[in-house]
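Here's the structure we're looking at; comments come further down.
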Amino acid sequence: MEQSPSTAVLTAAGVADAHESAVLVAGERLDADSQPVVNPARLHEVVGRVALGTAAHVDRAVTAAAAAFPAWSRMSPHERADRLSAAADAVSAAAGPLAELLTREQGKVLWESRVDVGGAAHILRYYTGLADRLAEDEVFRSDARGTVWSGRRPMGVTGVIVPWNSPVYLAFLGISPALLAGNTLVVKPSELAPLTLSAVLTVLAENLPEGVVNVVPGGGEAGAAIAEHHGIRKVFFTGSTATGQQVMRAAAGNLKNLSLELGGNDPAIVLESATVDDGLVDELVQSVFTASGQICFNVKRIYVHRSHHADFVERYTAAVDRLVVGDGLDPRSSMGPVNNRPQFERIQGLLERTRAAGATVTTLGSKLDPDGWDDGYFLLPSVVTDVAPGAELVTCEQFGPVVPVLPFDSDDEVVGLANDSEFGLAASVWSRDREHALGVARRLESGSVFLNVHRIGASDVSMPFGGFKGSGIGRGHGINALEACTELQTIADHVDVSGFPGPAR
């Protein structure tokens, strides 16, 4: 197949003129249909183009990854760690200008993009430090009967399906442990924010053996092909619960191992024992509105003890009203647009239905550029009160800059309200009384519970992360993610078999 022009946004020579996310298989860029990637803050601006990978592209990528697997998996964990450490250096050196590109394609403000892009090298380096956890088999038992060992073995070709909201950081939470474990990869960037991740993956692939990292960007066809392909043994998927269910059904064909980090409807609970001050209020503004509310474990609903409710709402609306919404590249912006038209229209519809149901929707903040407002997917932040606990806004994953604030009267009541959800990804409890907060936290049906914080940084790469119920299967981050990329093998050397059942000899 004819090789297409270079798709690397960044190479050793610097930033390329045209940004393109291409199919990359064993170092070769393959022809594919493509579509434009538009700046959500400037809809007239085409940032680049994304290839629309097909099932045939996925098949070629799986073939390349399978061919690379034997040599890569036979390296010792420390040899792989050395290669990944060098690759992390190359990725770090290439990452500097990419934050601006991510803001242009995704919409988030520049500091958020810097955290996202910087996560690639940071996460790679963290996992290189875990090589000892794979280096030697553990003696499970050794006595007169013989010796039994247990050890972790790589699974094989691994698919990583990446969402658009934090594309680089979330991708490397799957990529890094999978590579250290000895697996080879087929990565699918989202067609809605593929350019920066593809640039980083190109650098990563160039610094690892051919075929270890392969990239097939695109939409549903590529994702479905990864979930269905019988040559793939493991899939990391981050995205909505509905799509996660589709991945799970497709993966049943060859009983793939799955790590699914899915949706969230994450509650924050401000207890009677809390002190409602500027610090608490400002933290909860960040907890909700960072990345325009488009983070899976952002706060999606706030419950405040009735004794604090009126004071909290007054302080909170005043703080949210200070947010400035505009182009994420402008340092005056504190919040950028949402990423895409379907999400933009979904949130608008949700707000319209919430108003029609009688809730009070307070639209806050200011427009940085009123004249250019309609040229982007801009939404002012909204705080909703006088809303029923079972209202759509309270029970759904809104994934946008809107949050309901509800009163409660007792711990039992708020625990019931928080747990009355199909989701269980993250939650937070706010109190000056640590034991009170811990007591409530332990009753919540949530994979992570934070005390007096709930924002980027609260769940670092070393902490187990994942959801209860419809928020996912398995745990990522830390040693848990490394174990999720391996199969546990037992080797038994039985010296004395005289005690085994069977007819006497």
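The numbers here are math on the coordinates, done by the rules we state, and not lab data. All values reported here derive from a predicted model rather than from experimental measurement. With ideal geometry, Cβ positions are generated from the backbone for all residues, glycine too; neighbour counts draw on all protein chains shown.
Structure above, values below:
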quantity: The chain, relative contact order [Cα under 8 Å, separation at least 6], %; calculated: 18
quantity: Rh (Kirkwood; distinct C-alpha pairs) - segment 266-451, Å; calculated: 16.7
quantity: For segment 162-284, alpha-carbon Rg and Dmax in angstrom; calculated: 17.9, 58
quantity: Anchor LYS188: lysines whose Cα lies under 28 Å away (excluding residues fewer than 8 positions away in-chain); calculated: LYS108, LYS234, LYS256, LYS300, LYS469
quantity: Cα pair distances exceeding 23 angstrom across segment 70-203, given as percent; calculated: 39
quantity: Rounded to 5, the percent of DSSP beta bridges in the chain classed as antiparallel; calculated: 45
quantity: Segment ARG442-ASP493, extension gain: residue separation times 0.36 nm, minus the distance between their alpha carbons; calculated: 14.0 nm
quantity: Share of alpha-carbon pairs per 10 Å distance bin for segment 11-151, given as whole %; calculated: 10, 24, 32, 20, 8, 5, 2, 0
quantity: Extended-chain gain in nm, criterion 0.36 nm per residue less alpha-carbon gap, ARG355 and SER307; calculated: 14.7 nm
quantity: Stokes-Einstein diffusion coefficient of the chain, Kirkwood radius over Cα pairs, 25 °C, 0.890 mPa s, in µm²/s; calculated: 103
quantity: Neighbour net charge for ASN214 - beta-carbon separation under 13 angstrom, K R +1, D E -1; calculated: -1
quantity: Rg in Å to one decimal, and Dmax rounded to a whole Å, for segment 321-376 via C-alpha atoms; calculated: 12.7, 37
quantity: Span-like helix ranges in the chain, DSSP H, alpha carbon extent 20 angstrom or more, Kyte mean at least 1.0; calculated: 167-181
quantity: If the convex hull is drawn through the Cα atoms of segment 282-331, its volume per residue in Å³; calculated: 80
quantity: Charge dipole (segment 45-99, unit charges on Cβ, about Cα centre) - positive-most of ALA51, ALA71, ALA88; calculated: ALA71
quantity: Cα centroid separation - segment 387-457 against segment 182-209, whole Å; calculated: 35
quantity: Helix-only CD estimate at 222 nm, as mean residue ellipticity for the chain, using -39500 (n - 2.57) per DSSP H run (n ≥ 4); calculated: -11500 deg cm²/dmol
quantity: Counting DSSP beta bridges with both ends in segment 266-451, the antiparallel % (nearest 5); calculated: 15
quantity: Neighbour net charge for ARG133 - beta-carbon separation under 11 angstrom, K R +1, D E -1; calculated: -3
quantity: Solution diffusion estimate, µm²/s, Stokes-Einstein, segment 211-356, Kirkwood Rh from C-alpha pairs, 4 °C, viscosity 1.567 mPa s; calculated: 70
quantity: Inter-label distance for GLU314 and GLU136, nm, one decimal - labels placed 7 Å from Cα along Cα-to-Cβ; calculated: 6.5
